[in-house]
There are 2 protein chains.
Amino acid sequence: MKEKFSIGIDFGTESGRVVIVDVKNGNEVSSQIYKYQNGVIRNKLPNTNIYLEPDWALQDPKDYLNVLKYAVPEALVQGGINPKDIIGIGIDFTSSTLLPVRVDGTPLCFLPEWKDHPHAWVKLWNHHAAQAEANMINEIVRNIDIALLNRYGGKINSEWFFPKLLQILNEDPSLYTAADRIIEAGDWIVWQMTGIETRNDCAAGYKAFYSKRKGFPQSEFFAKLHPRLEDVIDQKMIRKITPHWHQAGTLSEKFAKWMGLPPGIPVAAANVDAHSAVLGAGVSRPNIMVIIMGTSNCHMIMSKNEYIVPGICGCVEDGILPGFFGYEAGQPCVGDLFAWFIENQVPEKYTKEAKERNIDIYKLLEIKASSLKVGENGILALDWWNGNRSILADADLSGLLIGLTLTTKPEEIYRGLIEATAYGTRKIIQSFEDNGIHVDEIVACGGLPDKNELLMKIYADVTGREIKLAKSSQTSALGAAIYGAFISGKEQCGYSSLTDAIQSMAHMKNISYKPDKNNMIIYDNIFKEFEKLHDYFGRQYNDVMKKLKSIRLNVR
Amino acid sequence: MKEKFSIGIDFGTESGRVVIVDVKNGNEVSSQIYKYQNGVIRNKLPNTNIYLEPDWALQDPKDYLNVLKYAVPEALVQGGINPKDIIGIGIDFTSSTLLPVRVDGTPLCFLPEWKDHPHAWVKLWNHHAAQAEANMINEIVRNIDIALLNRYGGKINSEWFFPKLLQILNEDPSLYTAADRIIEAGDWIVWQMTGIETRNDCAAGYKAFYSKRKGFPQSEFFAKLHPRLEDVIDQKMIRKITPHWHQAGTLSEKFAKWMGLPPGIPVAAANVDAHSAVLGAGVSRPNIMVIIMGTSNCHMIMSKNEYIVPGICGCVEDGILPGFFGYEAGQPCVGDLFAWFIENQVPEKYTKEAKERNIDIYKLLEIKASSLKVGENGILALDWWNGNRSILADADLSGLLIGLTLTTKPEEIYRGLIEATAYGTRKIIQSFEDNGIHVDEIVACGGLPDKNELLMKIYADVTGREIKLAKSSQTSALGAAIYGAFISGKEQCGYSSLTDAIQSMAHMKNISYKPDKNNMIIYDNIFKEFEKLHDYFGRQYNDVMKKLKSIRLNVR
């Protein structure tokens, strides 16, 4: 049988990643990374002296186009793949990452008259400057549609679609008027590739108030958020929603040329990166938690039923796979926390020792921290260096360290930080279980599990669960390649269901991390202390974290 | 008039320091440091393989003798001083630093049959292995003599005389039997120099339950602590108490030879180092707080009246100067905290920058931290890395950091640590003022004030008080030289009172640090948060610090 391939394209925070996989078994035959030239724009607009406010995070859509233009052809060449053997393309994207565009899809930031407006550029998922809008929306929606808010754990956050859209309207109303569409970047890139404008169900569901059963909220709902939002769906969005395992269109002549592919290849609707990773991690059954561990942690789990789970990010019917309610939760600071520690808190004698031993500093700290028994570091942390996303959903919380003594060593704190993120994950698991969704298994994927064995052991011991590892190191891109293949139809791809495709194309590693009973007992005790601190500082019995932030902002 | 000189000898933790001063004006004409060869013995007994338990801290009395043998003659030679012009000698010592000796003064650790017993050596003030004895004593004394306990802020700690003595009895009863005396090292060295055995009132008062009005507690009291302690005063100590501004004896032939001095020079009774520093800081009036700022902070203040001040270390009549009740409080971790931070938490790029700028790393951090506005660091700490000595008097508390974010820089934490020690000092001031002793002025001395301008500014802003600086950088040794001069009598020294001697011989610097009103307002707000955390974690509403310590000990 002739080999067939599909392409998965993962648009991440710093770069876009292209993988080409064998449709038969999911084997990655080629991959390429394109690092965005303008990366994350935080300081000033490219090639200008226009400075941005704190908490802004923008991107340049040209970088997304360049992923298609440069990384796809290169991957084809490097893999020695005949472009004619590509049967489908899937893409996944960070979310909610959105941009204002003309009716023909042209980003406003490409136009001379708008390019100097910060609001003309892509707002990246971690643009946190719409907190005021998020607070306002939460307050209103709590009174007018609590059922909607409950689908989002009781609170939406500033990373989502409507707070960002409302920030544009509030701060640059003329630009808002000039925008024919405000669109998720994932949907925009699919539109560019196919000429067909649609919205993927995943981003619409998790980030933009859409549900399969109820559609978008009514005009009266939006009018209460802002008079000019009354017809926002028809004025700035469209109502056509495509499930992410359906075809959005086929590759246009222009893009086919750019990408070194024949035109007409099916292109799937976009998907959110974390959700795509569930497929790439080989999970197609309910009650298995997939944790994507990288700069942040995303916790994804499916259930046959709909439950209200306080503090999670969202629950969307068919949001991960058709037939299930897909739940998402997260911790906004995991790899980022360790990177902060390395950057700011590790002394020269350690960096020297790492150099002498010819290992990187992470590895040195891991070795040193691994030699400690559970509980021996005497350190407990709250992992809120970047706020808390799930359970408390409060960006204004901050990190805490307790148990410091004159004999405390850097590796003891480092271990404490890892443990804190594990306790945070355990809180999330607990919230799912307390509200009806049992977590039978955990599958880890993302950048961290392969890099840090200690981290995995600690997560197993703290959660008291076996942790399996996804085989692919690029689960989001592999997930995209899976539905990219699936949309080509059974005749092409050989799969009659998405589940079949997942089972054949995504795999687990042979190793797994099993909890140690003695360690579990000690961690159970420390976790009780974590919970006390979590509630004391997180549920406003003591609002010192917010007070310190507000004093800090006032004196600046 | 012929120039006259006195010698002050300060026996510190790492070294002994000799200063020779002009009796007329206190000018330091010569000084020498002798670094103890065996320093602080923490690991194993010198020249043996006998290892010590955690929390032990011993010293070798030979090091003390060497200070007299080597540093005194050298100081005389370097200063070009005629030994005949020396009119008196004062010494001050860390406390409670004690050793077991024979009836002739020979330390048991000098004897072949005892030298391999850890308990034969000097127990240094920061030997913390008698915590169990301290706990036991507190429990019993609370029931039988609360008035005595109230003189010590409601709780004695493991650094004091009787916990350490009881530890010897508990752990090495035969050595306890063999000891004819258990004696403060300060009293021992004076005994050696003069051949006269006495006890100084300061160490006896602050560390060993003695008071001018009541003497030592009765036999029944000691019998309740341990049956074998019933006659401890008569069996292991003596009842002769000499005020530290009185002569203990005169310099013996043997020691005069060693020290390069004529025999017969008056030698004052010993004094505790922190108390001696008050005289050296030029303070002879009540209601002026002297803060000796070094590895730790000691807060000394006098009052005409006796008050019960909860949480302080001790109140002793005439304990600092005759005619006043002398109060002592302290923070066990100040310079040590900053040293810990530098050692463990400052990244290579900072140490490199310091090298490039040719400044030390403390100075670099001070420069960076000084550029921050008050409140801008967003960090709040509890300064309990070495427990809390005053107010809470709890060695099992530990350090806390709150307000950490992904943008937190080392200098922001460093500033937060300095601020935490200033809040700790403010708590102590508050406790004095709440209980009747107004703090009119603050005078700082010790190693830190000259080294760290930012520290002094922060202390002024946090306490809302002007801080003056003692002129001498060796206030303990200068204090010893002052009463060393005074005991020679008016004819010799020219002073008819100790106050006159202090006023002529000790001085202030011209500069002082005044609080900034705007900064005070912000620090007032943050201090409220400090107090909340202080009480929440310190008064056992949340005993997580103790739980972490106990888990840590259990798993080791």
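Hey, what D do you get for segment A:324-392 in µm²/s if you plug the Kirkwood alpha-carbon radius into Stokes-Einstein at 10 °C and 1.306 mPa s? Working shown, then result.
Values: Rh = 14.5 Å.
For the chosen part, D equals 110 µm²/s.
Let me check against my output: what whole-number percent is the relative contact order of segment B:451-524, with C-alpha pairs under 8 Å and at least 6 apart? If you can, show how the numbers build up before the last one.
On the way: 74 pairs, mean separation 38.3, N = 74.
Value for segment B:451-524: 52 percent.
For segment A:105-211, the spread of Cα coordinates along the three principal axes comes to 42, 30, 22 Å, biggest extent given first. For A:Lys304, the lysines whose Cα comes closer than 16 Å to its Cα, not counting residues fewer than 8 places off in the same chain, are A:Lys212.
Calculate log10 I(q)/I(0) of segment A:206-259 for q = 0.15, 0.18, 0.20, 0.21 Å⁻¹, where I(q) comes from the Debye formula with a single equal point scatterer on each Cα and nothing for solvent. So the normalised log intensities work out to -0.60, -0.73, -0.80, -0.84.
Excluding B:Thr97 itself, what net charge comes from residues whose Cβ is under 11 Å from its Cβ, given Lys and Arg +1 and Asp and Glu -1? Spell out each step's value before the answer.
Working: positive: B:Lys123, B:Lys164, B:Lys207; negative: B:Glu159, B:Glu184, B:Asp187, B:Asp273.
Residues near B:Thr97 contribute -1 overall.
Distances between equivalent label points of A:Asn49 across the copies, with each point positioned 7 Å along Cα→Cβ, amount to 7.4 nm, shortest listed first.
Can you check what the Kirkwood hydrodynamic radius comes to for segment A:209-324, Cα pairs only, in Å to one decimal?
One decimal place: 17.1 Å for the Kirkwood radius.
Copy-to-copy label distances for B:Lys35, where each label lies 7 Å from Cα along Cα-to-Cβ, are 4.7 nm in order of increasing length. For segment B:151-255, the calculated P(r), taken from all Cα-Cα distances in 10 Å bins from zero up to the bin holding the longest distance, is 14, 45, 32, 9, 1 percent.
Average 1/r across all pairs of distinct alpha carbons in segment B:1-153, invert it, and you get the Kirkwood radius: 18.0 Å. Between the alpha-carbon centres of segment A:325-380 and segment A:508-556 there is a gap of 17 Å. Sort segment B:116-173 into rounded, prolate or oblate with this rule: let a ≥ b ≥ c be the square roots of the eigenvalues of the Cα gyration tensor; rounded if a/c is under 1.5, and if a/c is not under 1.5, prolate when a/b is larger than b/c, oblate otherwise. Judged from the Cα gyration tensor, segment B:116-173 comes out prolate (a/c at least 1.5, a/b above b/c). A cut-off under 11 angstrom between Cβ atoms defines the neighbours of A:Phe341, and their net charge, with Lys, Arg +1 and Asp, Glu -1, is -2.
Determine, from the Cβ-Cβ distance of A:Asp85 and A:Glu253 and an R0 of 25 Å, the FRET efficiency 1/(1 + (r/R0)^6), rounded to the nearest 0.05.
On the way: r = 20 Å, r/R0 = 0.78.
The calculated FRET efficiency here is 0.80.
In this assembly, the B-A interface accounts for approximately 4900 Å² of buried accessible surface in total, computed with a 1.4 Å probe and without ligands, DNA or RNA.
When every Cα-Cα distance of chain B is counted in 10 angstrom steps from zero, the calculated P(r) takes the values 4, 18, 28, 28, 17, 5, 0 percent. Counting every pair of alpha carbons in segment B:486-544, the share spaced more than 20 Å apart comes to 63 percent. Taking the alpha-carbon centroid of each part, what is the distance from segment A:231-303 to segment A:171-191 in angstrom? That distance is 19 Å. With R₀ fixed at 41 Å, the C-beta to C-beta distance from A:Asn518 to A:Asp440 puts the FRET efficiency at about 0.95.
Scaled to the compact-protein estimate 2.2 N^0.38 Å, what is the alpha-carbon radius of gyration of segment B:369-497, rounded to two decimal places? Please list the in-between numbers first.
Working: Rg = 18.9 Å, N = 129, 2.2 N^0.38 = 13.9 Å.
Taking the Cα Rg and dividing by 2.2 N^0.38 Å, one obtains 1.36.
Dipole of segment B:416-556 computed with +1 at Lys/Arg Cβ and -1 at Asp/Glu Cβ about the Cα centre; of B:Ala460, B:Tyr483, B:Leu548, farthest Cα towards the positive end is B:Leu548. Entry note, segment A:418-468: relative contact order of 50 percent, from Cα contacts under 8 Å with a spacing of 6+ residues.
Apolar share of the accessible surface for the protein assembly as shown: 48 percent from carbon plus sulfur atoms, 1.4 Å probe. Which residues among segment B:358-381 fall inside the zone where the amide N is under 17 Å from a point 7 Å beyond the Cα of A:Asn43, along Cα→Cβ? Under cut-off, by backbone N: nothing.
Straight Cα distances below 16 angstrom link A:Lys254 to the lysines A:Lys62, A:Lys69, with same-chain residues fewer than 8 positions distant left out. Charge tally around B:Lys240: other residues with Cβ under 11 Å, Lys/Arg +1 each, Asp/Glu -1 each, net -1. When the Cα centres of segment A:433-498 and segment B:60-81 are compared, how far apart do they sit, in Å? Using only Cα atoms, the two centres lie 73 Å from each other. Within segment A:153-194, list the residues whose amide N lies under 15 Å from a label point set 7 Å along Cα→Cβ of A:Asp104. Only A:180-181, A:192 fall inside the zone, counting backbone N under 15 Å.
Taken over the C-alpha atoms, the protein assembly as shown has Rg and Dmax values of 36.0, 117 angstrom.
Given contacts defined as C-alpha pairs under 8 Å and at least six residues apart, what's the relative contact order of segment A:331-463, whole-number percent? That works out to 27 percent. In terms of overall dimensions, segment B:1-68 has a Cα radius of gyration and Dmax of 16.7, 58 angstrom.
Within a straight-line Cα-Cα reach of under 18 Å, A:Lys427 can be paired with the following lysines, leaving aside sequence neighbours fewer than 8 residues apart in one chain: A:Lys155, A:Lys457, A:Lys528, A:Lys532.
Beyond 19 Å, the tail of the calculated P(r) for segment A:182-236 holds 34 percent of the Cα pairs.
Kirkwood Rh and Cα-based Rg: tell me the resulting Rg over Rh for segment A:440-484, rounded to two decimals. It would help to have the intermediate numbers written out before the result.
Values: Rg = 12.0 Å, Rh = 11.4 Å.
We get a ratio of 1.05 for segment A:440-484.
Net charge dipole, chain B: roughly 300 debye, given to the nearest 20, about the Cα centre with Cβ charges of +1 for Lys and Arg and -1 for Asp and Glu.
If eta is 1.567 mPa s and T is 4 °C, what Stokes-Einstein diffusion coefficient results for segment B:453-532, Kirkwood Rh from Cα pairs, in µm²/s? It would help to have the intermediate numbers written out before the result.
Working: Rh = 15.1 Å.
For these conditions, the coefficient is 86 µm²/s.
If both residues of a DSSP beta bridge must be in chain A, then about 70% of such bridges are antiparallel. Expressed as a whole percent, how much of the Cα-Cα distance distribution for segment A:356-425 exceeds 20 Å? Value for segment A:356-425: 36 percent of Cα pairs lie more than 20 Å apart.
Along the charge dipole of segment B:113-253, Cβ charges K/R +1 and D/E -1, which of B:His128, B:Gly154, B:His117 sits furthest on the positive end? Of the candidates, B:Gly154 comes out farthest on the positive side.
The values are calculated or read from the model by the stated rules, or taken from the named source; none is laboratory data. Since we're looking at a predicted model, the values are computed, not measured. Quick reminder, even Gly has a Cβ in these numbers, built from the backbone with ideal geometry, and neighbours come from all protein chains shown. Note: areas computed on protein heavy atoms with side chains; ligands, DNA, RNA excluded. Shrake-Rupley method; radii C 1.70, N 1.55, O 1.52, S 1.80 Å.
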